[in-house]
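Asks: First the structure, then my questions, so here it is.
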Amino acid sequence: MRSSILPLVLLACLFFATLPAAAAETAALPLAGPFQRIVSLWPAHTANLVELGLDREILAVADDDPLPGKRPRIACDGDPARVIALKPDLVLIRPQISRDCPALVRALEQRNIRVLSLQPAKASQLFAYWEALGKLTGREREARTMIETFSRKLATITADVRQIPKEKRKRVYFEAAHRPLHTFAPASLAMFVLESAGGVNVAADAERLRETPLAAYGRERLLAKADQIDLYLAQSGRTNPVSVDDILREPGFKAIPAVRKRQIFLVDEELIAQPTMALIQTIGFVKSLLYPDYDQNGITGL
């Protein structure tokens, strides 16, 4: 097994480690790799590993992972012995698992099983995240191909968006949570999707909440910009179980032109929360919602 070094400057924003914060600027994290017995406890990790060409190296996945097959399904709050018995050389998690299932992390670390918590906190870290997975698995070339393919397809969509006059660009409020009201932080993946699709974020002054992709944006603040909102977009799913009717009935929202004209659209949270190649399809989908009357070049056949 060959040795590889992953610079912490690359991963500092992507993973939770026990190193002191100051070390992130100068230290390097030695990792024996490539790893060949991987447990992936976040579906996004799994999708990216498969995109990199891995298959038999993936020993088990999260209990909600859509990956087909008979691999063991692991709940992070279940018995750590199930993971330990698989004898993985790497367990991939994300920060939420570190917070929600600390017993699992402790049990694995006590057995000297490498645990890495990876998740791009900002859209600008997406490619670094893919590069990190490529480095961990010995698939650096495949990671570069992912980045090149994504960039090429994104360029096709954004070139089409540039044909839309700026005065006709849709101004959008993108709801992340309905009660209490939150939008997405300007640098988040969700806003990357919106802006790549040609939307103008009316809540660009929102400030990120801690290390989350969310930003508080209360009712008064939103309604102060009511006349600027051409389209109301909301993520929908477990974290925000909202309906179009909920938004229509919200007190004061009739002041929003998008609400009065029923220009309200829901986007499955899984489509905008996963840092995978599927983001291209999501950008194309959002673009079709914003500009149904414009040519949809770059969407079909991606």
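The values are calculated or read from the model by the stated rules, or taken from the named source; none is laboratory data. On a predicted model such as this, the values are computed, not experimentally measured, just so you know. For neighbour counting, all protein chains shown are included, and Cβ atoms are generated from backbone atoms with ideal geometry for every residue, glycine included. Quick note on the areas: whole protein, heavy atoms, side chains included, nothing else; ligands and nucleic acids left out. Shrake-Rupley method; radii C 1.70, N 1.55, O 1.52, S 1.80 Å.
Asks: Per residue of the chain, what 222 nm ellipticity follows from adding -39500 (n - 2.57) for every DSSP H run with n ≥ 4, rounded to the nearest 500?
Replies: Only helices count here, giving -9500 deg cm²/dmol.
Asks: When the accessible area of the stretch 137-222 is computed with all protein chains present and a 1.4 Å probe, what percentage of it is carbon and sulfur?
Replies: Carbon and sulfur together cover 52 percent of it.
Asks: Averaged per residue, what accessible surface does the stretch 167-302 expose to a 1.4 Å probe, in Å²?
Replies: Computed with neighbouring chains in place, this is 46 Å² per residue.
Asks: Give a residue-ordered list of calculated ³J(HN,Hα) values for the stretch 198-203 (Karplus: 6.51 cos²θ - 1.76 cosθ + 1.60, θ = phi - 60°; whole Hz; x for Gly, Pro).
Replies: Couplings: x, x, 9, 6, 6, 10 Hz.
Asks: For Q110 and R179, calculate 0.36 nm times their separation in residues minus their Cα-Cα distance, and state this gained length in nm to one decimal.
Replies: Extra length from Q110 to R179 when fully extended: 20.8 nm.
Asks: In debye, nearest 20: dipole of the chain around its Cα centre with unit charges on the Cβ of K, R (+) and D, E (-)?
Replies: Here the chain has a charge dipole of around 100 debye.
Asks: Quick one: which residues, 5+ away or cross-chain, put their amide H under 5 Å from the amide H of L90? H built at 1.01 Å from N.
Replies: Sorted by chain and number, the residues that satisfy this are R37, V39.
Asks: Continuing with this model, one more query. Ratio of alpha-carbon Rg to the 2.2 N^0.38 Å globular estimate for the stretch 35-190, to two decimals, please.
Replies: The value comes to 1.24.
Asks: Compute the distance in nm between two label points, each set 7 Å from the Cα along the Cα-to-Cβ direction, one at D246 and one at D55.
Replies: 4.1 nm
Asks: Under 10 Å, Cα contacts only: if you run a Gaussian network model on the chain, which one of D230, D100, D89 comes out with the highest mean-square fluctuation?
Replies: Between D230, D100, D89, it is D100 that shows the largest mean-square fluctuation.
Asks: Heavy-atom accessible area of S196 with all protein chains present, probe 1.4 Å, nearest 10 Å²?
Replies: Using a 1.4 Å probe on the heavy atoms, I get roughly 10 Å².
Asks: While we're here: Taking the stretch 70-154, which trypsin sites (Lys or Arg not before Pro) meet the DSSP loop condition and have no more than 15 other C-beta atoms within 10 Å?
Replies: K70, R111
Asks: Give me the orientation-averaged projected area of the Cα convex hull of the chain, in nm², one decimal.
Replies: Its Cα hull, projected and averaged over all orientations, spans 16.8 nm².
Asks: Looking at the stretch 154-215, which trypsin sites (Lys or Arg not before Pro) are in a loop (DSSP not H, G, I, E or B) and have at most 16 other Cβ atoms within 10 Å?
Replies: Hits after loop and neighbour filter: R162, R169, R210.
Asks: Among P68, P257, P241, whose mean-square fluctuation peaks in a Gaussian network model of the chain (Cα, cutoff 10 Å)?
Replies: Residue with maximal mean-square fluctuation among P68, P257, P241: P68.
Asks: Here is a follow-up. If I stretch the segment between R221 and D79 completely, what's the gain in nm (0.36 nm per residue apart, minus their alpha carbon distance), one decimal?
Replies: 46.6 nm
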